[in-house]
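Asker: First the structure, then my questions, so here it is.
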Amino acid sequence: MPLTHALDYADTPEEVGLSARRLQSISLVINADVDRRKIPGAVVLVARKGRIAWFDAFGFEHADTPSRPMQRNSVFRIAAMTRPVVGVAALILMEEGRLALNDPVERYIPEFARLQVGVESADANTGERRLALEPMRRAMNVHDLFRHTSGLTYGQFGDSLVQRQYRDSGLMDPGQTNAEMVAKLAAIPLQCQPGEVFEYGMSTDVLGRIVEIVSGMDLARFVAERVARPLRMHATGFRLIRQDGAGLALPSGASGKSTALFDYDEQDPPRWHSGGAGLLSTAGDYARFCQMLLNGGVLDDVRLLSRKTVELMLGNHLPWSTRFGNSTTGLGINAPLPELGQGHGLTVGVRTARGLSPVPGSVGDFYWGGALGTYFWADPQEQLLAILMLQENDLATRVGYRSLLRNIVYGALED
């Protein structure tokens, strides 16, 4: 039977089958990197069998402010780790009969019925690039938004003529609303045909707008009332919620600004509730969210989703015929590529095969990471979850910690 009560603390990691001595390698590596100013700081949480085995904070919330040591309840911009939370929000509406995966997106956003697909070509003599438009072969549906097969992209992930239009249209403007965001998208061609290509992009942002339309609430309110509050994720939301004196963790640099995500100004927070990247949270809060999924949709006797809906969410939803956009390999160990033994569920990556992946795990484990270095995975077979909270602008620096954490945590298993 799945657990329904969590998360309390284990007296020792050994109580849940983990080696304290081996987990100590997390502290040794991250403390050394903080000391040489490779990163400002981090928070790491590891839980197994519904109990927290390891939870520690390292360094500083901002590298240039030693009066602000990192705390276990420091708040982080979790970027794309927003997506599973918004996915659960949409699945709640699906269970209530208000939304279905095969619903056409145009049912909720009529402007999307007029979308066309951009087809790029180059003049053989001059090399000049041209963009022709062709009709959609089939309508984009809600299922496409969950699994990034909608044809939507990100302007910052390439330089196609469509992606240039994304950048020119200000699609990452923190001052926009979700309604304004989808109006911009409706005026830009799709990068590829719906249902044919995994193209990482603004699909979950559009899903967040559909949650607003169906529920009659803005996304921040729906997430707060239907996900965060029932799970007692008290510091999770689209605006900073401080607890016990902890603050917002920031990337290195004098300004503390992100170069990988739109800015967050505590005095003037974003108007945009980005379903793809807008949430702030803590390691402890996000661990509760992951434990709810490991439990089959329930935590502390509060049920958000049915067991069967969670099973649906955590299965691979990419058909065998799916092609992959050029930016997919840039997702690193999260890339849903068959050659890595991985796929994509409903707003999460999923492991589909033994071997192939460059990091340890189990078939059925699920995961995702954010643009500033946040990362989680959860392993139903091992009843294991791990959360990494990090804010780092440099891509090469931040992604290495994902493999590091998997290697150390699985290396600490004793049963």
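Asker: Confirm whether ALA57 is in a strand (DSSP E or B), at negative phi, free of Cβ contacts under 8 Å to residues at least 24 places away in the same chain and assigned by TED's automatic domain parsing to the domain that holds GLY245.
Answerer: In short, yes.
Asker: Out of LEU99, LEU91, LEU23, LEU45, which single residue is assigned to a strand (DSSP E or B) and in contact (Cβ under 8 Å) with a residue 40 or more places away in the chain?
Answerer: Criteria check complete, one pass: LEU45.
Asker: Report yes if some residue within the range 100-108 is in contact with a Ser or Thr (Cβ under 8 Å, 6 or more places away or on another chain), at negative phi and buried (at least 16 other Cβ atoms within 10 Å of the Cβ); otherwise report no.
Answerer: yes
Per-residue answers, yes or no, for (1) hydrophobic (A, V, I, L, M, F, W, C); (2) at pLDDT 95 or above:
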| position | (1), (2) |
| --- | --- |
| GLU128 | no, no |
| ARG138 | no, yes |
| VAL142 | yes, yes |
| VAL182 | yes, yes |
| ALA186 | yes, yes |
| LEU190 | yes, yes |
| LEU207 | yes, yes |
| VAL223 | yes, yes |
| MET233 | yes, yes |
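Asker: Next up: Going by the structure shown, is ALA187 over 22 Å from THR82 (Cα atoms), aliphatic (A, V, I, L, M) and either out of contact with any strand residue (DSSP E or B) (no Cβ under 8 Å at 6 or more places or on another chain) or surrounded by fewer than 18 Cβ atoms within 10 Å (Cβ to Cβ) (or both)?
Answerer: Criteria met by ALA187.
Asker: Tally time: how many residues in the range 362-378 are buried (at least 23 other Cβ atoms within 10 Å of the Cβ) and either among the acidic types (Asp, Glu) or more than 17 Å from ILE78 (Cα to Cα) (or both)?
Answerer: Number satisfying all stated conditions: 1.
Asker: Among residues belonging to the range 153-168 that are touching a residue at least 24 places away in the same chain (Cβ under 8 Å) and either out of contact with any helix residue (DSSP H, G or I) (no Cβ under 8 Å at 6 or more places or on another chain) or not assigned by TED's automatic domain parsing to the domain that holds ILE188 (or both), point out the one that is surrounded by the fewest Cβ atoms within 10 Å (Cβ to Cβ).
Answerer: LEU161
Asker: Could you please find all residues in the range 322-354 being loosely packed, with under 15 Cβ neighbours inside 10 Å, of a type in the set (Gly, Ala, Ser) and in contact (Cβ under 8 Å) with a residue 24 or more places away in the chain?
Answerer: Of everything in the range 322-354, just one residue is loosely packed, with under 15 Cβ neighbours inside 10 Å, of a type in the set (Gly, Ala, Ser) and in contact (Cβ under 8 Å) with a residue 24 or more places away in the chain, namely GLY330.
Asker: Within the range 340-347, is even one residue at pLDDT 95 or above, in a strand (DSSP E or B) and β-branched (Val, Ile, Thr)?
Answerer: Among the residues of the range 340-347, not one is at pLDDT 95 or above, in a strand (DSSP E or B) and β-branched (Val, Ile, Thr), which makes the answer no.
Asker: Looking at the range 298-311, which of the residues that are in contact (Cβ under 8 Å) with a residue 12 or more places away in the chain and within 15 Å of ARG229 (Cα to Cα) is farthest from the chain's Cα centre (by Cα)?
Answerer: Applying the filter and picking the extreme gives ASP301.
Asker: Looking at ASP244, ASP300, ASP285 in this structure, which one is of a type in the set (Asp, Glu) and at negative phi?
Answerer: Among ASP244, ASP300, ASP285, only ASP285 is of a type in the set (Asp, Glu) and at negative phi.
Asker: Here is a follow-up. Among the residues of the range 355-408, count how many are part of a strand (DSSP E or B) and either of a type outside the set (A, V, I, L, M) or not assigned by TED's automatic domain parsing to the domain that holds GLY341 (or both).
Answerer: Number of matching residues: 8.
Asker: For the range 32-40, indicate whether the set of residues that are assigned by TED's automatic domain parsing to the domain that holds LEU395, assigned to a strand (DSSP E or B) and either more than 23 Å from TRP368 (Cβ to Cβ) or not hydroxyl-bearing (Ser, Thr, Tyr) (or both) is non-empty.
Answerer: No: zero hits.
The values are calculated or read from the model by the stated rules, or taken from the named source; none is laboratory data. Quick caveat: nothing in here was measured; it's all calculated off a predicted structure. Quick reminder, even Gly has a Cβ in these numbers, built from the backbone with ideal geometry, and neighbours come from all protein chains shown.
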